[in-house]
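One structure is given below, encoded as structure tokens.
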Amino acid sequence: MVPWVRNFFSGFTTVPAASVTPIADEAAAPERHETMPATATIQTQNLGYPRIGANRELKRALEAFWQGRSSEDQLHAEAKRLRAVHWQKQREAGIDLIPSNDFSCYDHVLDTIALVGAVPARFDANSGHVDTATYFKMARGGGGSCGHAPALEMTKWFDTNYHYLVPELHPGMEFRVASTKPFDEFAEALALGLRTKPVLLGPVTFLLLGKAREADGFDPLSLLDALVPVYLEVLHRLARQGAEWVQLDEPAFALDLTLAQRTALVGAYRQMASTVPQLKLMVATYFGGLGENLTAFTSLPVAGLHVDATRSAAELDHLLAHFPGHPMLSLGVVDGRNVWRNNFTRSLAHLQRAAGRIGAERLMVAPSCSLLHSPVSLKHEKNFDAELKSWLAFADEKVAEVVQLARLAGQAGDAGALAANQCANEARRKSARIHNPAVQRRLAEVRPADYERRASFATRKQKQQARLNLPLLPTTTIGSFPQTHDVRSARARVKKGDLSAAGYEAFLQVQVKRCIEFQEDVGLDVLVHGEFERNDMVEYFGENLAGFAFSENGWVQSYGSRCVKPPMIFGDVSRPAPITVESARYAQSLTRKPIKGMLTGPVTLLEWSFVRDDQPRAITAQQIALALRDEACDLEAAGLAVIQIDEPALREGLPLRRAEWASYLGWAVNAFRLSAAGVRDDTQIHTHMCYAEFNDIIEAVAALDADVISLEASRSAMDLLDAFVGYRYPADVGPGVWDIHSPRVPSAEEMAALLRKALTVLSPEQIWVNPDCGLKTRNWSEVAPALENLVAATRHVRVALNLEPHATA
């Protein structure tokens, strides 16, 4: 084992049951409360509300528009209706500062790109207003004067599962106000009798999120002097409309910032605050603590500062000790990223300490971040039992918690609400359904050898090639095939009882057989069964694992119209029975080509779920890994020679601060290895990652010890392979040659060009050829020609390299 990997294993090889940390017992260790005046008034605010609608109305409106079934006017009318509903809900709940411009028809970073006119030239919108057509071209790709314009690159929003569109920056870039969205939405609310708080992505975070191509050494913040005047124009216009507060989100404060970056942040806000003094600016940071950025943050000359007190509670006393004498302090004590009911006792202790230090009149109560990351409402959940439901809070309930906490902290709240909250939290802590002694015993028995494959990669590759007999540049897909209307309808019918289990199984077998025949006809080398039985790569596995719970309508936005319904991990995780074995066995019986078993990895199951908050995430990840280990071994026993354990969330789980990386990567790498290391040497383990930068963690990716890693690369034009330039990656790599998040079908020539670019970094013996990601969201009319082109491109490159002399181009 290389030293780097050995260091990661140190301290993570076994997790004894005794290390489980229960929910704190506030009755046993009460917090000290500061003295406060009776019935003090504490204000409330929300940072953002879910956009998609209680019944995913935005998703349906977008897809109808994209498919030509509705007009642009109809799309915008539905968006306007949703905004009005969301504002009214917050007003009725009692929120004082209700946000506007938090709504988006695709992505708030894309909205900012449009607002400041940062539209790449290929979209033909270098002057004037950014219209709807240009907006969606940037999101999904579309025609330009030079032919097809590839969509903007997509990546994860900080350490969440939300995807944003990456701004493209270049030296000398000019900005202008090119969208009226924040002004239009403020006016809409004003017409409804609401003076909202417009929300803008702050200029420094916007630039730091951007990407410069072909500009080595370019500092995005060199554009700040050109960008701030545009923000000033926006602020002046909002002030003229009657806005009192404007929220500027700068989550960059949760990152490791240089002195120059902190100086730029302070300078930008000094200019904005002094130039538009009639506006109250609220600078919001979230997703982490301030750390060494605290002094810069508290020196901002603005009217209000918001901090995420759920992720930075440990530095609250330090913040209060250095908090200046003039601004409001907004404490985000309600977790906007998880679904568990707030612990009022703990939150009130934070609020009362703050009020005792700065005064209740300068305190606001808020969620930790935008509620974009939370489902809409528990009102739509009918299948939860009473016990589980009493542990939960979705967006509407979180808004109510914010108001209740403000009243309780001001000593004007309902004592019954506090008692009910304490009772629910205590019941959860003591519930027998949370802890499984058998799972804890098994985890305590894990040994270092359980994380290790038996032989080195070089030895394994020889054995796997002897078993699989694959050509150079083997072709495959990532796993899923289109989820057609018929597939979704059959799944809905069986859930409603309108289709028997036997009838559903017969239907699925027909879909699998057609999918296998299609892949054979196209000429792919390693096939998949298509995943027609799976509603979602995380939800499907969670439904078959103990310790997970599921909502009916707990949807959250991933990007655009793409919504996911994350499971809730409430207790210890185990696998009651095999999950994918029979469908994989059936698929393998239909072909002599290898079928790839498809599993979702332990870190992704963890990161893409709402995770229990009463024990370390590392323990939960290893519990999941043991369940997946059993599944992988059963797939191997069923005759499968290739098993893919997807880990697209590995990079997004990386802490925002480098000081915390080693700890996270240690247990994350261990969890993957624990799930994969039970199979034989001649069984090939694949993994998949997408839409993330890998340069900083390439050694951790290698430490997974997967035989093949496939990753998104086409949208970035293979730029992600830069990680492999300075690092000799020890295993095989499948860089994606088809951007599956765009409806466009790339030509064989385009795919071949990307493949040739990959060959400048990787050897032919290392490369697999595949799409960027799964094909679930695409239509067969796109998938069929695109995969035909992928195989044709591969054959063309093989011929050019004399790897397939008898093939036709």
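The values are calculated or read from the model by the stated rules, or taken from the named source; none is laboratory data. Not measured: the values here are computed from a predicted model. For neighbour counting, all protein chains shown are included, and Cβ atoms are generated from backbone atoms with ideal geometry for every residue, glycine included. Ligands, DNA and RNA are stripped out before the accessible areas are found, and what is left, the full protein with its side chains, is counted by its heavy atoms. Shrake-Rupley method; radii C 1.70, N 1.55, O 1.52, S 1.80 Å.
Numerical summary
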{"item": "Cα-based helix-to-principal-axis angle, 72-93 vs the chain, degrees rounded to 10", "result": "50 degrees"}
{"item": "Amide H contacts of Asp335 (H built 1.01 Å from N, under 5 Å, at least 5 apart or other chain)", "result": "Ser368"}
{"item": "Degrees separating the helix 259-275 axis from the principal Cα axis of the chain, which is the longest one", "result": "50 degrees"}
{"item": "Set Lys137/Lys197; Lys389/Lys565; Lys181/Lys379; Lys137/Lys181 screened for pairs whose C-alpha atoms are more than 20 Å apart", "result": "Lys137/Lys197; Lys181/Lys379"}
{"item": "Volume per residue that the Cα convex hull of segment 324-447 spans, once the total is divided by residue count, Å³", "result": "159 Å³"}
{"item": "Beta bridges per DSSP with both ends in the chain, % antiparallel, nearest 5", "result": "20 percent"}
{"item": "Nearest-ten-degree value, helix 617-637 long axis tilted from longest Cα axis of the chain", "result": "20 degrees"}
{"item": "Interchain or long-range residues, amide H under 5 Å from Trp340's placed H", "result": "Ala393"}
{"item": "Value at 222 nm in deg cm²/dmol, rounded to 500, when DSSP H runs of n ≥ 4 in the chain each add -39,500 (n - 2.57)", "result": "-12000 deg cm²/dmol"}
{"item": "J(HN,Hα) series, segment 169-184, from Karplus relation 6.51 cos²θ - 1.76 cosθ + 1.60, nearest Hz, glycine and proline x", "result": "10, 7, x, x, 5, 10, 10, 7, 6, 10, 8, 9, 3, x, 6, 5"}
{"item": "Equivalent ellipsoid semi-axes - Cα gyration tensor, segment 518-666, angstrom", "result": "28, 17, 17"}
{"item": "Relative counts (whole %) of C-alpha pair distances in segment 96-142, using bins that are 10 Å wide", "result": "25, 53, 16, 6, 0"}
{"item": "Reciprocal of mean inverse Cα separation for segment 403-509 (Kirkwood radius, Å)", "result": "21.8 Å"}
{"item": "For segment 53-180, projected area of the alpha-carbon convex hull averaged over all directions, nm²", "result": "9.7 nm²"}
{"item": "P(r) weight above 15 Å for segment 39-79, C-alpha pairs, percent", "result": "53 percent"}
{"item": "Computed Rg/Rh of segment 289-370, alpha carbon atoms with Kirkwood Rh", "result": "0.94"}
{"item": "Between segment 710-737 and segment 751-780, the Cα center-to-center distance that results, in Å", "result": "9 Å"}
{"item": "With eigenvalues of the C-alpha gyration tensor scaled by 5 and rooted, segment 171-286, Å", "result": "27, 15, 13"}
{"item": "Vicinal HN-Hα couplings computed from phi for segment 304-310 (Karplus, 6.51 cos²θ - 1.76 cosθ + 1.60; Hz; Gly/Pro x)", "result": "x, 10, 10, 10, 8, 7, 7"}
{"item": "Computed over segment 608-700, the ratio Rg/Rh where both radii use C-alpha atoms and Rh is Kirkwood", "result": "0.99"}
{"item": "Other-chain or far-sequence residues with amide H under 5 Å of Thr600's (modelled H)", "result": "Asp646"}
{"item": "Antiparallel DSSP beta bridges within segment 269-396, percent to nearest 5", "result": "5 percent"}
{"item": "Whole-number accessible area per residue in Å² for the chain, which is evaluated in the context of all protein chains at 1.4 Å", "result": "37 Å²"}
{"item": "Spherically averaged projected area in nm², based on the convex hull that wraps the Cα atoms of the chain", "result": "32.8 nm²"}
{"item": "Mean Cβ count within 10 Å, highest first, over the residues of peptides 599-610, 635-646", "result": "599-610, 635-646"}
{"item": "Pairs of Cα atoms farther than 20 Å apart, segment 254-332, %", "result": "28 percent"}
{"item": "Karplus (6.51, -1.76, 1.60) ³J(HN,Hα), θ = phi - 60°, over segment 96-101, in Hz, Gly and Pro reported as x", "result": "7, 10, 9, x, 10, 6"}
{"item": "Carbon plus sulfur fraction of accessible area for the chain, probe 1.4 Å, in percent", "result": "51 percent"}
{"item": "Under the Debye formula (equal points on every Cα, no solvent term), log10 I(q)/I(0) of segment 544-598 at q = 0.15, 0.28 Å⁻¹", "result": "-0.71, -1.00"}
